Amino acid sequence: MIDEPLPPALNADLNAELDAALDTLLDDAGVDTDRRLVKRMLRTAIQLGEDDANRLDLKIASAALAEMRDAFRLFAPFRGVPKVSVFGSARTRHDDPLYLQARDIAAALAADGWMVVTGAGPGIMQAAAEGAGPELSLGVSIRLPFEEKANSLVTGQGQVVAMKYFFTRKLMLVKESLGFVCLPGGFGTLDEMFELLTLQQTGKAEPTPIVLLDQPGGTFWQGLRRFIDETLEPMGVISVGDFDRVLVTDSVEAACAEIAGFWRNYDSLRWVGDSLVLRLRTAPTDEEIEQLNDRFGSMLASGRIERNDPRRPEVADDDVLHLPRLILHLDQRQIGYLFRLIRAINDLPSAREL
């Protein structure tokens with residue numbers, strides 16, 4: 001038997017009743033901040049029930065939301081601390097040069113005030129946690145039937161969350177970090193690395209530094225570079241220069257410099273309408289802005305790169321109002337190359353004393 005649709009007036013009454021019930025529920029729970037978004041999530045959950053979603057669909061949605069909540073709570077106390085995610089094989093042995101390299105890069109970053117985020121497993125993940133130390137390590141583990149549990153360095157401090165799904169785990173390994181270091185690994189490591197490149201290329205994630213770090217004299221990532229240069233680019237499946245956003249190195253010092261250097265002058269970005277606002281640590285001179293326009297004018301949909309005061313939505317949110325700003329109308333097809341403009345901003349003479 002096919003259910004007859006409800007009359008529009010009755011449907012509107014039911015929606016009004018549901019809105020009122022949700023408001024009462026939020027009042028009773030004491031939810032005030034971002035109430036509209038919380039209400040939207042509740043309504044979506046109810047709509048899943050109304051859609052007669054099957055049990056598996058409901059289990060996936062329910063578990064994913066619960067896992068994200070757990071992860072958000074793990075990261076919340078460290079919101080003001082810069083983080084780097086380190087990816088690599090769980091199978092790397094303690095005496096492998098790659099293990100030592102992962103430990104050294106994590107130790108160097110921690111010494112500069114960075115927290116290190118890993119998948120909380122053995123191998124490269126444990127090496128990075130060792131280097132950073134338990135207090136500066138966060139872990140996002142995956143529940144698998146055949147692999148070891150989260151390493152004791154993150155579990156000992158309680159700074160770990162376990163995830164059932166790879167997609168929620170990858171979200172949390174990427175969402176909070178301002179830099180990424182990938183060491184050689186298998187399918188999982190390459191999956192994480194290629195997702196990073198895809199997010200950057202398509203503009204679905206803000207520009208961040210990505211380092212592919214090998215052992216001294218290693219050739220693992222050089223093979224990837226050859227494949228990109230000799231196969232992917234000639235086929236036209238990626239654009240020329242798409243791999244320029246990545247530093248391939250076997251030097252811990254160069255890796256640290258790449259990550260720190262990316263944030264040397266550039267601070268953050270925000271879209272306000274169709275305008276892109278870049279927040280900087282030091283204001284460029286008029287001459288420097290002219291040079292940026294000469295070099296990157298082709299990336300603009302219209303107008304010029306200009307100095308600007310905080311826009312109204314930024315003021316309303318009290319969004320780093322003390323920082324100087326540049327504003328531009330970016331051609332959306334060029335968003336994957338925004339990292340080039342950011343690098344140029346970091347290299348401006350006005351920023352060299354930072």
(message) Filter LYS39/LYS59; LYS39/LYS170; LYS59/LYS170; LYS59/LYS83; LYS170/LYS204 down to the pairs with a C-alpha to C-alpha distance above 23 Å, please.
(response) LYS39/LYS170; LYS59/LYS83
(request) Mind pulling up the Rg/Rh value for the chain? Radius of gyration and Kirkwood radius, both on Cα. (result) 1.02
(request) Among PHE72, PHE187, PHE87, determine the one that fluctuates most according to a GNM of the chain built with springs between C-alpha atoms less than 10 Å apart. (result) PHE187
(message) At a 10 angstrom cut-off on C-beta neighbours, averaged per residue, how do the peptides 47-54, 162-169, 223-230 rank from highest to lowest?
(response) 162-169, 223-230, 47-54
(message) From the mean inverse distance of alpha carbon pairs (Kirkwood) and the Cα radius of gyration, derive Rg over Rh for segment 197-354.
(response) 1.00
(request) At q = 0.15, 0.27, 0.28 Å⁻¹, work out log10 I(q)/I(0) for segment 276-323 with the Debye formula, treating every Cα as an identical point scatterer and leaving solvent out; two decimals please. (result) -0.47, -1.06, -1.09
(request) Before anything else, pin down the relative contact order of segment 241-291: Cα pairs under 8 Å, at least 6 apart, normalised by residue count, whole percent. (result) 22 percent
(request) For segment 260-344, evaluate the Debye formula with one uniform point scatterer on each Cα (no solvent term) and list log10 I(q)/I(0) at q = 0.21 Å⁻¹, rounded to two decimals. (result) -1.05
(request) Only Cα pairs under 8 Å and at least 6 apart count here; give the relative contact order of the chain as a rounded whole percent. (result) 12 percent
(request) Please list ARG103, ARG79 in order of solvent-accessible area, largest first, computed with a 1.4 Å probe with all protein chains present. (result) ARG79, ARG103
(request) Out of all DSSP beta bridges with both ends in the chain, state the antiparallel percent to the nearest 5. (result) 40 percent
(message) Test of understanding: what is the full-extension gain from PHE167 to ASN54, defined as 0.36 nm times their sequence separation minus their Cα-Cα distance?
(response) 38.6 nm
(request) Please give the contour-minus-distance gain from HIS94 to ALA16: 0.36 nm per residue of separation, less the Cα-Cα distance, rounded to one decimal in nm. (result) 21.9 nm
(message) Can you order the peptides 331-342, 295-306 by their average number of other Cβ atoms within 10 Å per residue, highest first?
(response) 331-342, 295-306
(message) At 0.36 nm per residue, and after removing the present C-alpha to C-alpha distance, how many nm does the segment from VAL320 to ARG333 gain when stretched out fully?
(response) 1.9 nm
(request) Please work out how much accessible surface ASP96 shows to a 1.4 Å probe, ignoring ligands, DNA and RNA, in Å² rounded to 10. (result) 50 Å²
(message) On a straight-distance basis, which aspartates and glutamates could pair with LYS164 in a cross-link, Cα separation under 18 angstrom, same-chain partners fewer than 8 positions away excluded?
(response) ASP57, GLU67, ASP70, GLU147, GLU148, ASP191, GLU192
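The values are calculated or read from the model by the stated rules, or taken from the named source; none is laboratory data. Since we're looking at a predicted model, the values are computed, not measured. Neighbour counts are summed over all protein chains in view; Cβ atoms, including those assigned to glycine, are modelled from backbone coordinates with ideal geometry. Calculation scope for accessible area: heavy atoms of the full protein, side chains included, ligands and nucleic acids excluded. Shrake-Rupley method; radii C 1.70, N 1.55, O 1.52, S 1.80 Å.
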